[in-house]
Amino acid sequence: MAEQQYDWDDDFDPESFDRVGPDPGKYHMAIVGIDEDGGNRGEMIVDLEVLAGDTPKQEGRVHREYLSKTVKAMKRFHLLAIAIGFTTVEELKAMKERGERPSYDFSKAVGRQLCYELNEEGYNGQKRVKGGFNFFHLTHPKVEKWPKNAAMLQKAGVAVPPPEQHYQPPQGNTDNALDGVF
C-alpha cells in the first residue's frame, strides 16, 4: 500500500493534543461499541460517539465509559438500560416488587442513542471527563432543549414527541428517576 496524505483539522495543535474524547458538555450520543467484560477489573466498557451537543466541534468524538459491576454501581446499568430503551422505570419497579432481578443484553445496545452529560473532574492530580449517572432517554424532560442530530434520530426511527408527551419521571426528586427503586 502506498503512502497517503492526510488533511489537517482546523484546530489541531500537536503541542496541545491531550484529549481525544469530547470536552465536557450535554450530548446526544450513539453507542458505537460495547465490551461487557473488557475492563481490567471486569468492567463493562461503553464507547459513545457524539452526534450533537452544546459544546462546539465535538461531533464524531468518542467517549469511553467504564461501568463497574459492583452492587453499589449497578444503578448505572439500570439508568443506561432506561436511557437506551431496554426497560422503563415502571418495569423496574414492578420487577423489584415481584422480587425479580432485571437482565439486559448490552451486546444489542450498539447503535442505540441517548443523551449523556459529561463533566470534568479531578483524579490523581489529572483532569478527566466522566459522565457518572447522567444517562437520559432522548425524550426525558431534562434533555428537551439539548441539541440533537435530527438526521440520526430519523435514521434510527426515533421520534421525539412534543413536550407534553415526554417521559414523566416519578413524583418527587426528578434528579434520579431510580430513587427508591434500588
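Taking segment 11-124 and the strands (runs of 3 or more DSSP E) fully enclosed by it, the elements with 1 or more residues that are within 12 Å of the chain's Cα centre (by Cα) and of a type in the set (Val, Ile, Thr) are at 25-35, 44-53, 62-67. Looking across segment 141-158, the residues that are more than 21 Å from Lys57 (Cα to Cα) and either small (Gly, Ala, Ser) or touching a residue at least 40 places away in the same chain (Cβ under 8 Å) (or both) come down to Ala156, Gly157, Val158. Which of the numbered conditions does Ala52 fail, given that it passes all the others? Conditions: (1) out of contact with any Ser or Thr (no Cβ under 7 Å at 6 or more places or on another chain); (2) farther than 23 Å from His140 by Cβ. The one condition Ala52 does not meet is (2). Looking only at residues of segment 125-153 that are in a strand (DSSP E or B) and not aromatic (Phe, Trp, Tyr), we find that the one that is surrounded by the fewest Cβ atoms within 10 Å (Cβ to Cβ) is Gln126.
Every condition in (1) under 18 Å from Arg41 (Cβ atoms); (2) touching a residue at least 24 places away in the same chain (Cβ under 8 Å) holds for Val71 except the one numbered (2). Of all residue pairs spaced 6 or more apart or on separate chains, those with beta-carbon atoms under 7 Å, a first member in segment 97-122 that is within 16 Å of His78 (Cα to Cα) and a second member that is part of a loop (DSSP other than H, G, I, E, B) and among the hydroxyl-bearing types (Ser, Thr, Tyr) are Pro102/Thr87. Of the residues that make up segment 39-51, is at least one among the acidic types (Asp, Glu), in contact (Cβ under 8 Å) with a residue 40 or more places away in the chain and crowded, with 16+ Cβ neighbours inside 10 Å? So far as segment 39-51 goes, no, none of its residues is among the acidic types (Asp, Glu), in contact (Cβ under 8 Å) with a residue 40 or more places away in the chain and crowded, with 16+ Cβ neighbours inside 10 Å.
Only one entry in Ala156, Ala177 is at pLDDT below 75 and crowded, with 18+ Cβ neighbours inside 10 Å, namely Ala177.
The values are calculated or read from the model by the stated rules, or taken from the named source; none is laboratory data. Predicted, not measured: the structure shown is a model, and the values here were computed from it. For neighbour counting, all protein chains shown are included, and Cβ atoms are generated from backbone atoms with ideal geometry for every residue, glycine included.
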